[in-house]
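The values are calculated or read from the model by the stated rules, or taken from the named source; none is laboratory data. The structure presented is a predicted model; accordingly, all values stated were derived computationally and were not measured. So basically every Cβ, Gly included, is an ideal-geometry build from the backbone, and we count neighbours across all protein chains shown.
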């Protein structure tokens, strides 16, 4: 797309705050195109279009990161954080832009438009919302997050940057659910929906950020392996494969650690933050 030529990947890593607005813009474009071409069921199509728009930019970023890792002569945590920090920030801000689009859209669009545009996201809210607080909550959350992490890793390993589809889906899912929850709870209590949204975001932000970073690290790990295997087919092999794969292994390990921390934090929030439980209950009262 034209944006990739106007904003090179290297520039975006240095000016990573603009990644948020790119994610925001592409998500809006994806929703508009999906609504125009598939008016009967645009929700998943919008995710596909948004992901496709993001793919060229991510491919450039993966190429840059792979070359950086292969230039390293020995493994160093300092180099790992230096080389990957900007990429992770850009990836996260792209996802945050998608999240913000769906969250705000769920707050301002008419109810019938929300039901039409975000049907698949709302179906998952209905499936999970009524039975969030269970005795085996930690195991349920950990297993669910593990499968998402594994899917991000495998899809990126196979397709290079295939994790963007799952990450975009999760960003849209969270944005829709949190926006609709705040809006519905405010309707039930005759409160300010934006105040409710602020409360919801403050409560869920810690574990949502940790889990999203976990998925991104899984996708980056798989994508770097894929890029290395693809490059070896037509070019010389990695000069120091043990160093390169040490970096990849640490990225994956960091993702798994964040996965565990995210599940612990989410379990604590859902089991102990009474205010959030009340907001969720109010939101389903309005829907019933």
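Residue-by-condition table, conditions (1) at pLDDT below 80; (2) closer than 26 Å to residue 248 by Cα; (3) surrounded by fewer than 16 Cβ atoms within 10 Å (Cβ to Cβ):
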| position | (1), (2), (3) |
| --- | --- |
| 29 | no, no, no |
| 39 | no, no, yes |
| 62 | yes, yes, no |
| 79 | yes, yes, no |
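Listed by position, the helices (runs of 4 or more DSSP H) contained in segment 181-288 that have at least 3 residues being modelled with pLDDT of 90 or more and more than 24 Å from residue 139 (Cβ to Cβ) are 193-234.
Selection of segment 174-192 for residues being surrounded by fewer than 20 Cβ atoms within 10 Å (Cβ to Cβ) and in contact with a helix residue (DSSP H, G or I) (Cβ under 9 Å, 6 or more places away or on another chain) yields 187, 188, 189, 191, 192.
Tell me whether segment 161-173 contains one or more residues that are crowded, with 19+ Cβ neighbours inside 10 Å and not in a helix (DSSP H, G or I). Yes. When restricted to residues that are under 17 Å from residue 225 (Cβ atoms) and either touching a strand residue (DSSP E or B) at 6+ places or on another chain (Cβ under 7 Å) or surrounded by 20 or more Cβ atoms within 10 Å (Cβ to Cβ) (or both), segment 132-156 contains 5.
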